[in-house]
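Notes for the one structure printed next.
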Amino acid sequence: MDKAVAKIPRVGSTKDRTQAALEERVKELTCLHGIARAAGQHDVPLPTILQEVVGLLPPAWQYPEVAQARIVLDGRTYATPGFGPAEATQSADIVVRGQARGQVEVAYGEPRPPAHEGPFLKEERALIDSVARELASLVVRRTVEEERARLQEQVRHADRLATIGQLSAGVAHELNEPLATMLGFAQLCRKHPGLPTAVIADLDKIIAANLHAREIIKKLMLFARERPPTREKISLHRVIHEGLSYVESRAAKADVEIRRRIESDLPEVYGDPHQLVQVLVNLAVNAIQAMPEGGALTVDAFTEDGCVVLAVEDEGVGMTREAAERAFEPFFTTKEVGVGTGLGLSVVHGIVTSHGGTIRVESKPGNGSRFEVRLPTTPPETPVPSPS
């Protein structure tokens, strides 16, 4: 009871002071209850909740008629209408996992009699500190929920890729034999003497189409990891030099400048040099195609957390969030019909995964894309057999 009484001026009868103290205490508890209720709305965006909390603060202070409130979190501000210059302000830091992320403020727009902390009382100090702690807990919960959702989506995405990989392997095996048969007979027919020129041309088209189909099947098998890579100790400097040499002329024709930011003392990695070159070439070609008006293609290579990171970044058209999430699915493409098969990035994903690495993409429409490949620097525990 003494705690509540301290908030009320020492005037009137004891009964009046007790009644006023009880009313003030009810206001505090109402504020905290309202904050707890707002924080429990899991389907409501955090900014909406913070704006709702701001509106709960002024009525809980001793002079609500002149009180105004503001919450600042990660640089964004949520305030009561007309929040402006104040005669006195009481604030508390919002500390999340040891880091100050913002503040809660309650201010009086007009002068009020002095108390324990300017015109504010010690009970109001305890209240605003409690509000700051509640908001910090809310931020932590939301962060954990978002991280859990992200990890769950990664697991679902990995499951989808695994299922597609199994399907791709089955389709590749079923198609290999009839394609080989068609190719063999077409090549035999092509050798037959006395064929008309038109027939020879048609047979050449059949042979070319079969060879193209076989290349697609090879990519499918690589995505499904049916063709394991060789393992040897290689320098990523060599991979980058060789890979970029294949795309330099293409980049020049597209008015794309290639920039290199490569650490001089990169550790060696274990893998198949030809497949890692293919990874870089596929990513670089995608980057060039994403910049129809030209731009800069940046290749980064550095060490981080025990891995070698190879990043390819462009200044192109970028991707929507939905497209970025599906970027590594076989046959998914945002390009026009006839421009690509939609297998380039899925092949990259298969190669990187088979090397024990990971790949991720960051992209926004109009702001380009950045693909980061992480490869371990430690040798595999068991040697991987060379493809036959």
Item checked: For A115, distant residues with modelled amide H under 5 Å away -> F120
Checklist line | Mean separation of Cα contacts under 8 Å, 6 or more apart, over the residue count of the stretch 44-118: relative contact order % | finding: 29 percent
Next item on the list: Provide the FRET efficiency to the nearest 0.05 for the I216-E242 pair, computing r from the beta carbons and using R0 = 25 Å.
Entry: 0.55
Item checked: In sequence order, calculated HN-Hα J values of the stretch 43-56 (Karplus, 6.51, -1.76, 1.60; Hz; x Gly/Pro) -> 8, 9, x, 4, x, 5, 5, 5, 5, 5, 5, 4, x, 7
Next item on the list: Could you tell me which trypsin sites (Lys or Arg not before Pro) in the stretch 86-153 are loop residues by DSSP with no more than 16 other beta carbons within 10 angstrom of their beta carbon?
Entry: R97
Margin query: At 1.4 Å probe size, with the rest of the protein present, what percent of the exposed accessible area of the stretch 254-305 is carbon and sulfur atoms?
Written below: 43 percent
Item checked: Whole-Hz ³J(HN,Hα) from phi, Karplus 6.51 cos²θ - 1.76 cosθ + 1.60, for the stretch 136-150, glycine and proline x -> 4, 5, 4, 4, 4, 4, 5, 4, 5, 5, 5, 5, 4, 5, 5
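The values are calculated or read from the model by the stated rules, or taken from the named source; none is laboratory data. Just so it is clear, the structure is predicted and the values come from calculations on it, not from any experiment. Methodologically, a virtual Cβ is constructed for each residue, glycine included, from the backbone with ideal geometry; neighbour enumeration extends over all protein chains shown. Quick note on the areas: whole protein, heavy atoms, side chains included, nothing else; ligands and nucleic acids left out. Shrake-Rupley method; radii C 1.70, N 1.55, O 1.52, S 1.80 Å.
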